[in-house]
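Before any comments, here is the structure.
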Amino acid sequence: MIKKIGNLNKNKIISRRLFVLVAAKIGLLGIVTSRLYNLQISQKQKYEVLSDKNRIREWKTPPQRGIITDYFNNVIADNQRVYQVHLSLEEVSNFNNSIFKLKNIISLKEDEIKKIYEKKEKSKPWDTLIISENLSWKEFSKLNLYLHELDGAKPVLSTSRYYPYSNDLVHVVGYVGDATTQDIQNKKKIEENFVPGLKVGKIGIENSKDTDLIGNHGIKRYEVNASGKKISEISYNKETQGENLRTTIDLEVQQLAQELLKNQAGSICVMDIYTGEVITMASSPTYDPNKFTHGISTKDWNEIKNNKLRPLLNKSLAGLYSPGSTIKPLVALAALEYGIIDKKFKVNCKGHDHPYELYGERYHCWKKNGHGLMSMRNAIKQSCDIYFYEVARLLGVDKLSLIAKRYGLGSKVLEDFFSEEKKGIVPSTKWKKQVLEQSWYLGETVITGIGQGYIQTTPLQLCLMTAQLANGGYKIKPNLIYDKEIDLDKIKSKIKSEKNKSVSQNILKDHEFKHYERLYRNPNNLKLVLDAMYGSTNEQFGTSFRSRHKEDKYKFAGKTGTSQVKRITDQDRELDLDLDEIEYKSRDHALFIAFAPYDKPRYSLSVLIEHGGSGSKAAAPLANKLIKKILDRHELREKIRKDLKNIA
Amino acid sequence: MILSTSLNSTSYSFIDKLKAVDYFLIIIVAIIGSMSVFSIYSTESGNFSFYTKNHLTRFLIFFFMFLVLSFVRVSFWYRQAYIFYILGILLLLLVIFFGISASGSKRWINFFVMNLQPSELMKIAIIVCFARYYHRIQSSDIQSYKYLLQPIILLLIPCYLVITQPDLGTAILIAGSGLAIIWLAGLNLKYFIYSGLILLVSLPFVISILKPYQKSRILTFFNPDRDPLGAGYQIIQSKIAIGSGGLLGKGFLQGTQSYLEFLPEKHTDFIFTLFSEEFGFVGSMVLILLYALLIYRIIRIGFSSRSFFAKLYCFGFASALFLYIFVNIAMVVGLLPIVGAPLPIMSYGGSSMLSIMLGLGIVMSCKIYSRDSIGN
């Protein structure tokens, strides 16, 4: 009985205790359920994203750069097939071992290996390293032969930049190289499309037009497992090639210009005087841009860097030179425009025994025996210095400076297209006060009249100046990339309407001009100057007479210039040394500006030979050859122009 | 036949026995079992290979064993309860000397056909042992120090042996199921409160004797981002898998987290994660419901049993089963620290399957022989 009661009691207790336990279980079950609800319903999105982030990894594929052509569609910057070897880090079991084996197969240099190790430090374990960007076919086939021994090594067919006319266009087209941290920071387009191994423009058009040329990278999305191994491709947004660019350059003229400049330091620029198209912009000496594509070797780099003739300097737009006598047409024009002189104004040049004197300072003409009584036309034709000393003195440097700037000196021709372009200096009293904090001396005005002293110009500026004189005095828009907005017919009709416009007296004051606006007061003044330049080339005693073309269709007008590098002392004048006897660095720069054909001008050019001696001997003869070439190609160029217009 | 003669007078015809079987319970076990086979199949990305084959074979063998054991008279378990316990202890001792080590702990003995994990058997042995122990004690005596101390010692021995393997998870489960029975037997609430307080006070000391990896697991539990690629990796990846499953899941064989091997130990402790990723909230609820039904049926059998032993066993086993399930799921959803604890029936692992089926067999024998009132 007792036992039974006890058992009953026990049964009662166990039921009660079980009830508590079940209640607790239900409570715990509630917690688990609410947790699951929280994870799977409330926070589903968050975990879905995390899950995708886990399993999907993106690989970026490099875009191909746009192709650059000359005006005639000759490819001047191409994409070439290259053989490369990549190393997929996740498949490499022993990195040191792999590099050692590769070294024996594809001949890696010590510094290249060092770079590879540096790159490896920065990469992620699933990245792919580019071991060699440009293998020879022999190395590539050898690599394929030993491939089974090289875990993770992948032979890759890729494309890279190639410049078929290597040295001829480097200063125009530029070159590419690996993107630096700075490149990535500076250009958003590079940052957005960055892929390891992406090449970006370093200088030239490649740099200026990088944003258009780069294209967009592709994205390959792969599903990967926990150890990063690719399982399957999920999607592939194909990369797009950058825009193709047509430049205004004429490859043949450019090549001729480089040929003419061979073994000398200098520049040749050619421009269409209406459209402002830069047809040639040669700078010498040059170098091979292809050497930079895969990283230039130290030896090659030092060779370029230490060359005394400075190949890296783009002399056409970053080289600054005194314009010398090439400025004389502009000085004459300024004096005519302001009414300081007329065409009958004369000055007597009496030779070295009777130099031009100002406040006790003596200024000589280059011609020892003097030119005699000079009119404006003769003074330009024979390049008389005494005449221009006097005209400059009468004109004053500020008026000269105003007209010089108007015709293209003292500012960047291609605006900000090339970062290395220089503005040069067109001095004025105000400029001297501001920059040098000194007062202007009249003697400085006098030498500015023959393009010496403070005045500094680039060859491209002189070419533009000549163009804007030759086209009758209209402001043009120089350009290097073909632009369908710049239409010859429209420009010509615009000029026609400008010509008939009546101008106010204000035209001689300082103000901003729009493109194709007229720059002159009286058209006859320009005609006088251009006619004098004709004389300079086509008449006896003209300074470039020996370089003239006799055939009518090639006839051109020009002006020589000889720019002094150092002050000529009386002793030098006494010695009258031949060019060979003067030390290279002390020799004068030779300059020449011209436009052609004379009767219906279309092209302007400037030639500069550093330390070449006199303009008439060193620079003008090059113009003779160039102009023939340019005019021979004129019709073809016009045909292309029409075709392009029709396409547009 | 030997059994029936030596035991109490009640005799059962074979038909009676068949009638008494709880078929509903068997069906639930079969359903969970087949779900587990599909889940393991999914861990192998839909290949019927090593793990799936092994798991299916084991499930079939032990399921059959469960059915056979159902017909073993419940009084047999009563009589052999202490032997069972001692056998469990002996096996645990054997592990110390002849055990097989894997990933830093020594838990298994090689029995040729399978590697047995004695700690899993101990989970059942402790329930059977305690059911017998309390069967005989008068309710008035339960509170005495003698009857308080004895079961605690019985419980501490296997717990200590398992902890030193080291296997904190299983030790907790053994201790938990033992305590559940002590509670059910009617030990005064105050003792539970006291011991709870003592545990709290001694916690710093306990933590100091924990192995470094155990400490790191507990610290990681409180802040999984502490070491996302090390100790926290499992919890983070498990939560991502479960969370990304959403309401209906990614679909069978579509769980990317497990397929792409982001999930650790996906066939054992993290099988629920995989299941939940593929079948979502709804699937998880179905599975939990099935477990709840299973526990409910076991408790029902307990109520219908005449003997206190059977009652105590069934309630105890039901509580233990709940504890296993809760600890495992709470662990993978990040509610509890990661302590190796398999999900009953679902997880890959022979010993765990064996012990659950053994436990269920005893439950079923309680059902079939429910009219037995076991000797005093």
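The values are calculated or read from the model by the stated rules, or taken from the named source; none is laboratory data. Note that the coordinates shown come from a computational prediction; the quantities given were computed from them, not determined experimentally. Please note: Cβ atoms are built from the backbone with ideal geometry, for glycine as well, and neighbour counts cover all protein chains shown.
Suppose the filter is outside any loop (DSSP other than H, G, I, E, B) and out of contact with any Cys (no Cβ under 7 Å at 6 or more places or on another chain); does residue B:346 pass it? Let's see the steps before the verdict.
Details: outside any loop (DSSP other than H, G, I, E, B): no; out of contact with any Cys (no Cβ under 7 Å at 6 or more places or on another chain): yes.
No, not satisfied.
Going through A:461, A:452 one at a time, which residue ends up being among the polar types (S, T, N, Q), at pLDDT 95 or above and assigned by TED's automatic domain parsing to the domain that holds residue A:332? Give the steps one after another, and end with the answer.
Values: A:452 fails: at pLDDT 95 or above.
Unique residue meeting the criteria: A:461.
In the list A:84, A:64, A:80, A:45, which residue meets the criterion of being assigned to a helix (DSSP H, G or I) and either under 33 Å from the mean Cα position of the chain (by Cα) or at pLDDT 85 or above (or both)? First the steps, then the outcome.
Values: A:84 fails: assigned to a helix (DSSP H, G or I); A:64 fails: assigned to a helix (DSSP H, G or I); A:80 fails: assigned to a helix (DSSP H, G or I).
Of the residues listed, the single one that is assigned to a helix (DSSP H, G or I) and either under 33 Å from the mean Cα position of the chain (by Cα) or at pLDDT 85 or above (or both) is A:45.
May I ask you to list the residues in the range A:589-648 that are in a loop (DSSP other than H, G, I, E, B) and over 18 Å from residue A:264 (Cβ atoms)?
Let us first name the residues in the range A:589-648 that are in a loop (DSSP other than H, G, I, E, B), namely A:597-602, A:610-614, A:633, A:648.
Scanning the range A:589-648 gives A:597, A:598, A:599, A:600, A:601, A:602, A:633, A:648.
Suppose we filter A:286, A:275 for residues that are away from chain B (no Cβ under 14 Å), among the polar types (S, T, N, Q), assigned to a loop (DSSP other than H, G, I, E, B) and touching a Leu at 6+ places or on another chain (Cβ under 8 Å); which single one remains? Show your work before the answer.
Working: A:286 fails: touching a Leu at 6+ places or on another chain (Cβ under 8 Å).
The match here is A:275.
Would a scan of the range B:154-166 turn up a residue that is loosely packed, with under 14 Cβ neighbours inside 10 Å, more than 30 Å from residue B:372 (Cα to Cα), more than 14 Å from chain A (Cβ to nearest Cβ) and free of Cβ contacts under 8 Å to residues at least 24 places away in the same chain? Walk me through how you get there before you give the answer.
Within the range B:154-166, the first condition is being loosely packed, with under 14 Cβ neighbours inside 10 Å, and the residues that meet it are B:156, B:160.
Then keep just the ones that are more than 30 Å from residue B:372 (Cα to Cα); that gives B:156, B:160.
Among the residues that remain, those that are also more than 14 Å from chain A (Cβ to nearest Cβ) are: B:156, B:160.
Add one more test, that the residue is free of Cβ contacts under 8 Å to residues at least 24 places away in the same chain, and what stays is B:156, B:160.
Yes: one or more hits.
Out of all the residues in the range B:176-193, is one or more away from every other protein chain (no Cβ under 14 Å) and either within 30 Å of residue B:255 (Cβ to Cβ) or at pLDDT below 85 (or both)?
no
Matching residues to (1) modelled with pLDDT under 90; (2) assigned to a loop (DSSP other than H, G, I, E, B); (3) among the basic types (Lys, Arg):
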| position | (1), (2), (3) |
| --- | --- |
| A:168 | no, no, no |
| A:171 | no, no, no |
| A:182 | yes, no, no |
| A:191 | yes, no, no |
| A:196 | yes, yes, no |
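Checking the structure you have, find out if any residue of the range A:564-581 is over 18 Å from residue A:629 (Cβ atoms) and either at pLDDT 90 or above or part of a strand (DSSP E or B) (or both).
Initial filter on the range A:564-581 (over 18 Å from residue A:629 (Cβ atoms)): A:564-581.
From the residues that got through so far, the ones that are either at pLDDT 90 or above or part of a strand (DSSP E or B) (or both) too are none.
For the range A:564-581, residues over 18 Å from residue A:629 (Cβ atoms) and either at pLDDT 90 or above or part of a strand (DSSP E or B) (or both): absent.
If I filter the range B:256-281 down to residues being of a type outside the set (S, T, N, Q), farther than 13 Å from residue B:346 by Cα and part of a helix (DSSP H, G or I), which single residue comes out as farthest from the other protein chains (Cβ to nearest Cβ)?
Checking each candidate, the answer is B:278.
Residues that are without any contact (Cβ under 8 Å) to a residue 12 or more places away in the chain: which helices (runs of 4 or more DSSP H) entirely in the range A:400-501 hold 1 or more of them?
Values: elements: A:442-448, A:459-470, A:488-499.
Hits in the range A:400-501: A:488-499.
Out of B:253, B:248, which single residue is more than 7 Å from chain A (Cβ to nearest Cβ), farther than 18 Å from residue B:55 by Cβ, surrounded by fewer than 21 Cβ atoms within 10 Å (Cβ to Cβ) and not aromatic (Phe, Trp, Tyr)?
Answer to the selection: B:248.
Regarding the range B:99-111, can at least one residue be identified that is of a type in the set (S, T, N, Q), touching a residue at least 60 places away in the same chain (Cβ under 8 Å) and within 30 Å of residue B:163 (Cα to Cα)?
Yes: one or more hits.
Working only within the range B:282-298, note down all residues that are crowded, with 22+ Cβ neighbours inside 10 Å and facing another protein chain (nearest Cβ under 8 Å).
The answer is B:284, and nothing else.
Test residue A:570 against the stated conditions and say whether it is assigned by TED's automatic domain parsing to the domain that holds residue A:384, closer than 22 Å to residue A:543 by Cα and not hydroxyl-bearing (Ser, Thr, Tyr).
Values: assigned by TED's automatic domain parsing to the domain that holds residue A:384: yes; closer than 22 Å to residue A:543 by Cα: no; not hydroxyl-bearing (Ser, Thr, Tyr): yes.
Considered against the rule, which asks whether it is assigned by TED's automatic domain parsing to the domain that holds residue A:384, closer than 22 Å to residue A:543 by Cα and not hydroxyl-bearing (Ser, Thr, Tyr), residue A:570 comes out as no.
Residues are listed down the side, and each one gets a yes or a no for (1) more than 7 Å from chain B (Cβ to nearest Cβ); (2) small (Gly, Ala, Ser):
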site	(1), (2)
A:12	yes, no
A:17	no, no
A:24	yes, yes
A:28	no, no
A:32	no, no
A:47	no, no
A:51	no, yes
A:55	no, no
